[in-house]
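This report refers to the structure that appears directly beneath it.
Bear in mind that the values in this text are calculations on the coordinates, not laboratory data. None of these values were measured; they are calculated from a predicted model. Quick reminder, even Gly has a Cβ in these numbers, built from the backbone with ideal geometry, and neighbours come from all protein chains shown.
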């Protein structure tokens, strides 16, 4: 059976629902959806029309869900109904009145089966929205228990007046809408709507100050009054305190902890960079030994500097296409960790325990580890285990990731090692930018010290947090509760897989060249991926990594690396004349055409699938790739394709797209950038002084700014971080190697020869006169 949405008729009134008796009302735009399958005859439409009129008189907005459309659209449309309705009325017409025992007529059996299928699908996406069956012969005897147990009521025509039924439905709507918002968001909406004058900061006083200026009025109109009225400070006690985890904030954190299966969960409003520092400052002090993923986020390295810790590094593999691979399993053994301690020139007491181990889970490119195995093997080896899951907040909600995320209190607990996970809800879920959270799984013996943690939390949390970010933490967690989270994640995985399959299919149909996707060659089927296909194995050639342990890591299919012609994962450049498209050229083209990607590699783009991705969005990307291919094949002029880019960089005017790609490709190939960018991240690093000591020396002015070409052998006082990919290359206190200098000099050559098509390295400073670039090095 198929359905299609269309407006019933224009209705100006929206549902106005009281939050609770005696409180103000607020307006919502969720309509009541009336579903009429094709089996409902015209005669049965009269009581439905009477009910519709009564619902309108009750002030409810209506829409009809009819029997038009195609099968392929059905699941998405039912998901839309489930998520956007204030209530769902399903018209179930049983054509035969049964007066005695006996089998149902085939038409009735089909109608009940269709209703059961509809209810099951809606419930898979929303386990709360009221669903009522509407008919004229419906009884619990004729409707199966599998349906009755999932609905909120049955309405038979002519048993009650339409107006009474409408009031009953409005009550269901009121209850549903009233409990939609989680505690903090509900309290914030209530406060913002109370129309009370504020005599506290911020100084714009609910947005009023902006209205005293033309540009301020523009700002006010752009962001809207609700956001500005909800921008308050911690003087509003009714909202609770983020610093103390009290009131509605604490209530929402407890609910979120239940949703994410954590013992404790704390909202953070300054991003996972701050979440990481909170975890570290609650555990680590000067001289403590810490084990860190070498390709970790720079916030972890900042935490090393802040705490005065002594780091040992876990070294991941890397392929020649620039994709960061997994850390070998052996690196996590007690023996291997002790070997690193013994080899460190910075550790004098080799018997000290490892205070904290931090692992990037997942990497930028989507590599994730079997977390359950690591928790078991490292229990008692390290005091605390920290999974930086900035890119993995979705994993707890789908069986594809079973055992691959750090915190899950329904799985085996550690005995001595406390487990932390820090997650960016703003990256893949529905949080505003900087929305983050810290999850804690305590040991069986209760080693987590919440008092110390609270002090570290207060150290890094503003006393003036942005309440809209807190609300988005609250709402994004509520969106994942119950069956809603698994449905959203499964939808995301499905969309990512369909995109991957589309790219692969188009590639097989092209006579010459096309783009690729890094990952296993998945069969051209539909639906969800098989877990085994995405687990990395030593014998698989697609990943290009030299060291891979079977059954230890997998690629998250929603992290899509789109590859361009020109370079293989083994570092082989295409020959002159063959199709070759550096990733930065494609990225510039896409950006000018309204498509902004997450990260760019030498010959790849990172395309992030989140719960907000739609079929239309990724299909538009595929269409834009087709247009790029046509422009490349025809060597279209760059000013026609990217006029904004040429305005900024007029030196490219008159040049063809293919010519630019081939010349830049030749530059990469002649310098063997694939080998060079791999070597700088995988070669041994010499630690000379502690990162904290190097930073202290810089702060005290005991550094000199050394030209890049003379920096080999010197000790850096700053983080050196090339963008792209944004992974730190050297940490303060480490010696700069000749290959690093070679890379930085080549970066400078590229910048002069190919302006607009190159990256930068943070930590390298170009002098004011532009004559040379320098690095702050220890004296």
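With labels modelled as points extended 7 Å from the Cα through the Cβ direction, what inter-label distance (nm, one decimal) is found for residue 120 paired with residue 533?
2.4 nm
Among 459, 497, which comes first, then next, by fewest other beta-carbon atoms within 10 Å?
Lowest to highest Cβ neighbour count: 459, 497.
For a footprinting-style exposure proxy, rank 367, 470 by other Cβ within 10 Å, fewest first.
Values: 367 24, 470 27.
Ascending number of Cβ neighbours within 10 Å: 367, 470.
State, to one decimal in nm, how far the label point of residue 179 lies from the label point of residue 416, with both points 7 Å from Cα in the Cβ direction.
Here the modelled spin labels are 4.6 nm apart.
Assuming 0.36 nm per residue, please report the length gained on full extension of the stretch residue 137 to residue 749 beyond their Cα-Cα distance.
Working: separation 612, 0.36 × 612 = 220.32 nm, distance 8.08 nm.
This chain segment gains 212.2 nm when fully extended.
Roughly what percent of Cα-Cα pairs across segment 490-669 reach past 21 Å?
Within segment 490-669, distances greater than 21 Å cover 52 percent of Cα pairs.
What is the distance in Å between the Cα centres of segment 435-479 and segment 284-300?
If you average the Cα positions of each part, the centres end up 20 Å apart.
What fraction, in whole percent, of alpha-carbon pairs in segment 331-429 exceed 16 Å separation? Let's see the in-between values first.
On the way: 2818 of 4851 pairs.
In whole percent, the share of Cα-Cα pairs in segment 331-429 beyond 16 Å is 58.
State the Cα centre-to-centre distance between segment 544-571 and segment 167-188 in whole Å.
Going from one Cα centre to the other spans 46 Å.
In what sequence, highest mean first, do 187-193, 418-424 appear when ranked by Cβ atoms within 10 angstrom? List each step's numbers first, then the result.
Details: 187-193: 19.9, 418-424: 28.3.
Going from most to least packed, we get 418-424, 187-193.
If R₀ is 45 angstrom, what is the calculated FRET efficiency for the pair residue 444 and residue 128, using the beta carbon separation as r and rounding to 0.05? Let's see the in-between values first.
Numbers: r = 35 Å, r/R0 = 0.77.
With a Förster radius of 45 Å, E is 0.85.
So what is the relative contact order for segment 514-613, in percent, with contacts set as C-alpha pairs under 8 Å and at least six apart?
25 percent
Just to be sure I understand the model, the point goes 7 Å from the Cα along the line to the Cβ. What's the resulting residue 512 to residue 258 distance in nm?
Distance between the two pseudo-spin positions: 6.0 nm.
I'd like the distance separating the alpha-carbon centroids of segment 665-714 and segment 351-410, in whole Å.
Answer, in whole Å: 30.
Note the full-extension length gain between residue 160 and residue 200 as 0.36 nm times their separation in residues minus their Cα-Cα distance, in nm to one decimal. Intermediate results must be reported in sequence, preceding the final value.
Working: separation 40, 0.36 × 40 = 14.40 nm, distance 5.28 nm.
Fully extending the segment from residue 160 to residue 200 adds 9.1 nm.
Over segment 133-232, what lengths in whole Å, largest first, do the semi-axes of the equivalent ellipsoid take, defined as the square roots of 5 times the eigenvalues of the alpha-carbon gyration tensor?
On the way: eigenvalues 457, 42, 27 Å².
The equivalent ellipsoid of segment 133-232 has semi-axes of 48, 14, 12 Å.
Suppose R0 equals 30 Å. What FRET efficiency, 1/(1 + (r/R0)^6) with r the Cβ-Cβ distance, do residue 758 and residue 688 give to the nearest 0.05?
Details: r = 30 Å, r/R0 = 1.00.
Efficiency computed from Cβ-Cβ geometry: 0.50.
Equivalent ellipsoid semi-axes for segment 155-198, as square roots of 5 times the alpha carbon gyration tensor eigenvalues: give them largest first, rounded to whole Å. Could you put the intermediate results ahead of the total?
Working: eigenvalues 238, 29, 3 Å².
Whole-Å semi-axes of the equivalent ellipsoid: 35, 12, 4.
Within segment 147-161, whose backbone N sits under 11 Å from a point 7 Å along Cα→Cβ of residue 105?
Answer for this model: none.
Quick check: from the Cα gyration tensor, does segment 491-587 come out rounded (a/c under 1.5), prolate or oblate? Mind showing how you got there, number by number?
Values: a/c = 2.05, a/b = 1.28, b/c = 1.61.
It is oblate, given that a/c is not under 1.5 and a/b is not larger than b/c.
Could you work out the percent of alpha carbon pairs in segment 270-461 separated by over 29 Å, rounded to a whole number?
On the way: 2920 of 18336 pairs.
Here the tail beyond 29 Å accounts for 16 percent of pairs.
Counting helices only, and only those DSSP H runs with n ≥ 4, report the 222 nm mean residue ellipticity of the chain as the sum of -39,500 (n - 2.57) divided by its residues, in deg cm²/dmol to the nearest 500. Working shown, then result.
Details: 26 runs with 289 residues, N = 779.
Rounded to the nearest 500, it is -11500 deg cm²/dmol.
Order these peptides, 286-295, 750-759, by their mean beta-carbon neighbour count within 10 angstrom, highest first. It would help to have the intermediate numbers written out before the result.
Numbers: 286-295: 20.8, 750-759: 15.2.
Those peptides, ordered most packed to least, come out 286-295, 750-759.
May I ask you to list the residues of segment 570-592 whose amide nitrogen lies under 16 Å from a point 7 Å from Cα along the Cα→beta-carbon direction of residue 659?
Counting backbone N atoms under 16 Å from the label point, the list is 577.
With an 8 Å Cα cut-off and a minimum separation of 6 or more residues, compute the relative contact order for segment 270-461 in percent. Don't jump to the answer; show the numbers that get you there.
On the way: 378 pairs, mean separation 42.8, N = 192.
Relative contact order for segment 270-461 comes out at 22 percent.
Give me 49, 669 ranked fewest to most by other Cβ atoms within 10 Å of their Cβ, as a rough exposure proxy. Walk me through the numbers on the way to the answer.
Details: 49 11, 669 18.
Exposure proxy ranking, most exposed first: 49, 669.
Using the reciprocal of the averaged 1/r over all distinct C-alpha pairs, how large is the Kirkwood radius of segment 683-778 in Å? Kindly include the intermediate steps, with their values, before the conclusion.
Numbers: mean 1/r = 0.0741 Å⁻¹.
It works out to 13.5 Å.
Test of understanding: what is the full-extension gain from residue 113 to residue 83, defined as 0.36 nm times their sequence separation minus their Cα-Cα distance? If you can, show how the numbers build up before the last one.
On the way: separation 30, 0.36 × 30 = 10.80 nm, distance 2.25 nm.
Gain on stretching residue 113 to residue 83: 8.5 nm.
Grab the beta carbon distance between residue 222 and residue 483, set R0 = 35 Å, and tell me the FRET efficiency rounded to 0.05.
Values: r = 36 Å, r/R0 = 1.03.
That gives a FRET efficiency of 0.45.
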